[in-house]
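Since every read-out is calculated from the coordinates, none of them should be taken as a lab result. No experiment lies behind these values; they were computed from the predicted model shown. Here the Cβ positions follow ideal geometry from the backbone for every residue, glycine too, while neighbour counts run over all protein chains shown.
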Amino acid sequence: MVIWTFSDYWIHRSLHSFDRLWWFHSVHHDTPQMHILKSGRLHFGEEIFNAVLKPAPLLLLGAPPEVLVFVGLWIVFDGNLVHSNIDQRFPSWAHYFAPTVQLHNLHHAQERRHQDSNFSGSSAIWDVLFGTFSHPDRCPLGPLGIAQSPVPAGFLAQIFFPFRAQLSAPETGAETLAPGRRS
């Protein structure tokens, strides 16, 4: 799990850091509400990127198939948990160790500094170590989604959106681009 979460952290962070990847990931961040279906609302381009890169370290280290199956099952459980709209009650210290709705809600906030934090899925350890942790008790949660979103509303338009964006960046407000994101 340490190897998996480390890999997951850097891949998720790269999706927020580079325009060519962000346009695919922005489809996931676009909706203004959290619900369990949002965890699976990923562009197929992002899914391919994740499917190739995330298991690579475990495969290179010779992890048995059972480990890959366990990790795959955990990702589904964890993703559904943190994207759900249930009211979880955890003590403040638990946000450092447990995947919580409040922690991930902050990651989906419109405010860029929060959206570009809390990349770790199953634990905040990598966010704490690499300076991208935002504690939900110390950061007020505003609206969710992407302010002035360039992501189109229709399903087919969303499928083609990242590919069109590769050719010419969509018109966006300054707050749509993340700090450090390359234009």
Open item on the list: Give me the percent relative contact order of segment 94-162, please, defined on Cα pairs under 8 angstrom at least 6 residues apart.
Closed with: 32 percent
TODO: Count the net charge of all other residues whose Cβ sits under 14 Å from the Cβ of THR5, scoring Lys and Arg as +1 and Asp and Glu as -1.
DONE: -1
Task: Relative contact order for segment 2-176, counting Cα pairs under 8 Å that sit 6 or more residues apart, in percent - done: 27 percent
Task: Calculated over segment 39-104: convex hull of Cα atoms, volume per residue (Å³) - done: 105 Å³
Task: (i) 135; (ii) 119; (iii) 103, with the label sought being that of the calculated volume of the Cα convex hull per residue in Å³ - done: (ii)
Open item on the list: Multiplying the sequence separation of GLN88 and VAL128 by 0.36 nm and subtracting their Cα-Cα distance, what value in nm do you get?
Closed with: 12.2 nm
Task: Efficiency of FRET from Cβ geometry, PHE163 and ARG113, R₀ 41 Å, rounded to 0.05 - done: 0.90
- [ ] Within segment 98-154, report the chymotrypsin sites (Phe, Trp or Tyr not before Pro) that DSSP leaves as loop and that have at most 14 other Cβ atoms within 10 Å.
- [x] PHE130
- [ ] Choose one of PHE161, GLY45, HIS114: the residue whose Cα lies farthest towards the positive end of the charge dipole of the chain (beta-carbon charges +1 Lys, Arg; -1 Asp, Glu; about the Cα centre).
- [x] PHE161
